[in-house]
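*Asks:* Shown below is the structure under consideration.
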Amino acid sequence: MAMSASAELSKAVKQQYMELPQGDKVQVMYVWIDGTGEGLRCKTRTLDSEPKSIEELPEWNFDGSSTYQSEGSNSDMYLIPSAMFRDPFRKDPNKLVLCEVLKYNHKPAETNLRLTCKKVMDLVENQVPWFGMEQEYTILGTDGHPFGWPNNGFPGPQGPYYCGVGSDKAYGRDIVEAHYRACLYAGVMICGTNAEVMPAQWEFQVGPCEGINMGDHLWVARFILHRVCEDFGVVASFDPKPIPGNWNGAGCHTNFSTKEMREEGGLKAIEESIERLGKRHSYHIRAYDPKGGLDNARRLTGHHETSNIHEFSAGVANRGASIRIPRTVGQEKKGYFEDRRPSANCDPYAVTEALIRTCLLSEEGDEPVDY
């Protein structure tokens, strides 16, 4: 399996330099979503003191023609700091800052889905929407070959790998542990992790997060994963079906609840939301991957613990349904539901916004309402 050249560089030599004092200066890494709607970009600037809030961070700019976001003749794009985290790679007092992207005319870039998501979340703030997202991913070599798989052929069939332990069952745990600790250090609301059904596939969970925080924390968790994998010389893939054939795909199951759903008798509100979702299935499928459903079509076949992309279904403890109501929720008559349709490479802003629009704002039809 191919590893990146940077993985061969001496981390001990690098550490010598990372331990040098930095005086009063602070390194702030600006992170943003590029024109693909999936890729992340970053660059760093020096500040004279440690920022204590988003308001203390200056706006910045970048060349959008090199990130699929503008033409070369008018390429300046603006970075608007939106969420700040501790930097687990450079450590305190340095920061990671997730940014919104605006075009030259200060209108949102096409892949800046945070802006409308924030507006919609503000409309339902009093309903206290909580989200938890289960991010599946696959560890690959730089040649696209799954980590730990034989060079010629395949590992044994699925069965022993899910939540597995042992060298022949869990491939790449060092990466998972490093990522988990880095997220905790950064302040990301990571709440768990496990090995997944396909070997070299893993999952981490982020949440519960209220409103816009869900998208912010998941994007930063993804960025940290990419950086950890860079240090190890491998690649984290969020492709919803990285290996064709009889192997599980990768999703981003999204758990959702409101204050009403979490209180006594909340099952009624859950069932009402599921009924609304059933009438708007095609709208959600379009929102649940960056290619309007084309990526998810490879995954949502009705096999490998997925629903069929053309049909809506719901059930208690049913992992083959579009919407799963956990068994404990069915028993206690309150709690949350899980939307199993979002793909691993979804934009969490688009997913959470779509759920709010349909479940809480009672929108119908194939187009979102403009508020």
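The values are calculated or read from the model by the stated rules, or taken from the named source; none is laboratory data. Predicted, not measured: the structure shown is a model, and the values here were computed from it. Using ideal geometry, Cβ is built from the backbone for each residue, glycine included, and neighbour counts are taken over all protein chains shown. For the accessible areas, the whole protein counts, side chains as well, though only heavy atoms, and no ligand, DNA or RNA atoms are used. Shrake-Rupley method; radii C 1.70, N 1.55, O 1.52, S 1.80 Å.
*Asks:* Among 229, 209, 191, which is the only one that is open to solvent by 10 Å² or more (accessible area, probe 1.4 Å), modelled with pLDDT of 95 or more and in contact with a strand residue (DSSP E or B) (Cβ under 9 Å, 6 or more places away or on another chain)?
*Replies:* Residue meeting the stated conditions: 191.
*Asks:* Given (1) crowded, with 22+ Cβ neighbours inside 10 Å; (2) free of Cβ contacts under 8 Å to residues at least 60 places away in the same chain, identify the lone condition not met by residue 244.
*Replies:* If we test residue 244 against (1) crowded, with 22+ Cβ neighbours inside 10 Å; (2) free of Cβ contacts under 8 Å to residues at least 60 places away in the same chain, just (1) comes out false.
*Asks:* Quick check: anything in segment 297-319 β-branched (Val, Ile, Thr) and assigned to a helix (DSSP H, G or I)?
*Replies:* no
*Asks:* State yes or no: is residue 363 under 25 Å from residue 116 (Cβ atoms), assigned to a strand (DSSP E or B) and in contact with a Phe, Trp or Tyr (Cβ under 9 Å, 6 or more places away or on another chain)?
*Replies:* The answer is no for residue 363.
*Asks:* Can you pull out the residues in segment 196-206 that are open to solvent by less than 10 Å² (accessible area, probe 1.4 Å), on the phi < 0 side of the Ramachandran plot and among the aliphatic types (A, V, I, L, M)?
*Replies:* If the condition is that a residue be open to solvent by less than 10 Å² (accessible area, probe 1.4 Å), on the phi < 0 side of the Ramachandran plot and among the aliphatic types (A, V, I, L, M), then 198, 206 are the ones that fit.
*Asks:* Conditions first: (1) part of a loop (DSSP other than H, G, I, E, B); (2) over 24 Å from residue 305 (Cβ atoms); (3) not hydrophobic (A, V, I, L, M, F, W, C). Residue 341 passes all but one, so which condition is the exception?
*Replies:* (2)
*Asks:* Next question, about the same structure. Residue 288 is checked against (1) touching a strand residue (DSSP E or B) at 6+ places or on another chain (Cβ under 7 Å); (2) open to solvent by 40 Å² or more (accessible area, probe 1.4 Å) and fails just one. What number does that condition carry?
*Replies:* Status for residue 288: all satisfied but (2).
*Asks:* Which one of the conditions (1) out of contact with any helix residue (DSSP H, G or I) (no Cβ under 8 Å at 6 or more places or on another chain); (2) free of Cβ contacts under 8 Å to residues at least 60 places away in the same chain; (3) open to solvent by 60 Å² or more (accessible area, probe 1.4 Å) does residue 174 fail to meet, given that it meets all the rest?
*Replies:* The single condition residue 174 does not satisfy is (1).
*Asks:* Picking from 118, 91, 103, which residue would you name as being within 18 Å of the chain's Cα centre (by Cα), surrounded by fewer than 20 Cβ atoms within 10 Å (Cβ to Cβ), charged (D, E, K, R) and under 23 Å from residue 223 (Cβ atoms)?
*Replies:* Step by step, each of 118, 91, 103 is checked, and only 118 is within 18 Å of the chain's Cα centre (by Cα), surrounded by fewer than 20 Cβ atoms within 10 Å (Cβ to Cβ), charged (D, E, K, R) and under 23 Å from residue 223 (Cβ atoms).
For (1) in contact with a Leu (Cβ under 8 Å, 6 or more places away or on another chain); (2) modelled with pLDDT of 95 or more; (3) surrounded by fewer than 17 Cβ atoms within 10 Å (Cβ to Cβ), each residue gets a yes or a no:
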| position | (1), (2), (3) |
| --- | --- |
| 17 | no, yes, yes |
| 35 | no, yes, no |
| 59 | yes, yes, yes |
| 75 | no, no, yes |
